[in-house]
Amino acid sequence: MNFGTVGTGWITESFIQAAQLSGQWQLTSVYSRTEDKAKQFADTYNVPNFYTDLEEMATSSEIEAVYIASPNSVHFDQTLMFLKNKKHVICEKPIFSNSAELAEAYQTAEENGVYLFEAIRNVHTPNFKILKDKLPMVGELRSTMLPYMKYSSRYDLFLQGEEPNIFSATYSGGALVDLGVYPLYLAVGLFGEPKQVTYHPVLLRSGVDGSGTLVLTYDDFVCTILCSKISHSELPCEIHGEKGTFVLEDAAPISKITFVDNRGIESEILSVELEEQNMVYECKNIARIIETENDQEYQQLKSWSEIVLRITEEARKQNNILFASEK
């Protein structure tokens, strides 16, 4: 399937590498706001077409799908442009700023007979499926701790007085929507939608969260998510039940899963070794869903995106974290 990319950062490069490894995608076009950057990126990947006009790219017959990895705040407008031109869209997380945008985009996709996906690598890995299938091993769930805390080098710039996109309300940034979505997707994919959401953020001068603790309340247990871009943690993720505990090396891409029985010291490794370029799994799955028109899987992914965005939106509103598009 021929595809193009919007954005020239490291995440776009990772997606291109994964798409090529999957054997199911052919990069034909790239976009950047500046001609020099667009041409340089095209030359790097030996791509015939480069664009500085997004509408020209969206109307091109050279692409059937597009991967969007631009600043969060422009995802919505760019996505609509491609959907209206009957191109499938894979939009990097966080997909949009709020649920209203998501609903309109999905409706636009349906009206134009194309698919819309949020790029979130961890739920596409084989280890996520293993974890979901093996979840009954822990017995009755009692608590879950899902940390994802990675110090960002851009915080150094923020401390020097600058305002990088990821720490900006103008660009729909913050720790929860940038990093917290990984463990949040894990929770939603495994446990469904919580009954209650409470968020306790560390607010920055820009009006967004640098870190925070998200508490998801379910019927019989609580899931606690720790996210941060201003501090770092090596803590594993843990899922606690009455029969045992799952220990996950990380929330994304879920590289290792160990089951520890509560009544003994024995442990069992359940995970499989992942490809080094772990985005390859989402590339393969998305291509397969499009090609086979697998509506059941598509609707599942759509539902997860809707729930995750509702949660992050509620968490932000509780703390008056408003993006520019919402003011």
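With every protein chain in place and a 1.4 angstrom probe, the accessible-area ranking of Thr44, Thr198, largest first, reads Thr44, Thr198.
Given the C-alpha centroids of the stretch 42-64 and the stretch 88-146, what is the distance between them in whole angstrom? What the calculation gives is 28 Å, centre to centre. Using the rule -39500 (n - 2.57) for each DSSP H run of four or more residues, divided by the residues of the chain, the 222 nm mean residue ellipticity is -10500 deg cm²/dmol. In loop segments of the stretch 36-125 as defined by DSSP, the GluC sites (Glu not before Pro) with at most 16 further C-beta atoms inside 10 Å of their C-beta are Glu62. Look at the dipole of the stretch 91-224 built from charges on Cβ: of Val138, Gly173, Leu159, the Cα furthest out on the positive end belongs to Val138. Residues with amide H under 5 Å of Gly139's amide H, sequence separation 5 or more or different chain, H placed in the peptide plane at 1.01 Å from N; which? Long-range HN contacts for Gly139: Lys243. Inverting the pair-averaged 1/r between distinct Cα atoms of the stretch 23-108 gives 13.5 Å as its Kirkwood hydrodynamic radius. Can you classify the stretch 143-183 as rounded, prolate or oblate using the Cα gyration tensor, where a ≥ b ≥ c are the square roots of its eigenvalues, rounded means a/c under 1.5, and otherwise it's prolate if a/b beats b/c and oblate if not? Because a/c hits 1.5 or more and a/b fails to exceed b/c, the stretch 143-183 counts as oblate. Put simply, the Cα atoms of the chain extend 62, 45, 35 Å along their principal axes, the longest span coming first.
Which of the residue pairs Lys132/Lys302; Lys86/Lys302; Lys229/Lys256; Lys243/Lys284 have a Cα-Cα distance greater than 27 Å in the structure shown? Spell out each step's value before the answer.
Working: Lys132/Lys302 18 Å; Lys86/Lys302 18 Å; Lys229/Lys256 23 Å; Lys243/Lys284 35 Å.
Flagged as over cut-off: Lys243/Lys284.
By accessible area, using a 1.4 Å probe on protein heavy atoms only, the chain has 45% of its surface on carbon and sulfur.
Placing a pseudo-label 7 Å from each Cα along the Cα-to-Cβ vector at Leu270 and Tyr218 gives an inter-label distance of 1.2 nm. Rounded to the nearest 20 debye, the dipole size of the chain about its Cα centre is 460 debye, using +1 on the Cβ of Lys and Arg and -1 on the Cβ of Asp and Glu.
How far, in nm, would the chain grow between Gln26 and Glu242 when pulled straight, counting 0.36 nm per residue and subtracting the alpha carbon separation?
On the way: separation 216, 0.36 × 216 = 77.76 nm, distance 4.79 nm.
Extra length from Gln26 to Glu242 when fully extended: 73.0 nm.
The values are calculated or read from the model by the stated rules, or taken from the named source; none is laboratory data. The structure displayed is predicted, hence computed values, not measured ones. Positions of Cβ are generated from backbone atoms using ideal geometry, with glycine treated the same way; all protein chains shown enter the neighbour counts. Please note that ligands, DNA and RNA were not included when accessible areas were found on the heavy atoms of the full protein model with its side chains. Shrake-Rupley method; radii C 1.70, N 1.55, O 1.52, S 1.80 Å.
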